[in-house]
Every structure is written in C-alpha cells, then in structure tokens.
Amino acid sequence: MQTSVQKMPAVGDLAPDFTLPGTPEGEPVTLSAFRGSKHVLLAFYVFDFSPT
C-alpha cells in the first residue's frame, strides 16, 4: 500500500483549493472563487471554537 505525503506549504505558496460551509445556512465557499479577484488571509487556530 502506498501512502501520499504532502509537503508543508512555505511562506508565499498558493494555498490548496478547498470548499467549506461559509454561511449559517451551509452555503459553500470555495477558495478558488477568490483567486485573481481578492486577497484572502487564512488563519488556523488549533482547538479554537471546539467543544470541550
């Protein structure tokens, strides 16, 4: 069985495309929808807003 290992992105690398629910109604937002038209800042907080 072969596993795929992805490299950690470096500063300045393009973020991989992804889709997440972006509204309370669950409407999806895709990162690539903003490419070339707006700047996007991605911030990740480990365990932020996680139930305890």
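The values are calculated or read from the model by the stated rules, or taken from the named source; none is laboratory data. Bear in mind that the values here come from a model prediction, so they are computed numbers and not experimental data. All Cβ positions, even for glycine, are placed from backbone atoms using ideal geometry, and neighbour counts span all protein chains on display.
For segment 5-20, residues that are over 11 Å from the mean Cα position of the chain (by Cα) and either surrounded by 10 or more Cβ atoms within 10 Å (Cβ to Cβ) or assigned to a helix (DSSP H, G or I) (or both) total 1.
When the residues of segment 26-39 are filtered to those that are assigned to a loop (DSSP other than H, G, I, E, B) and modelled with pLDDT of 85 or more, the one that is surrounded by the most Cβ atoms within 10 Å (Cβ to Cβ) is Arg35.
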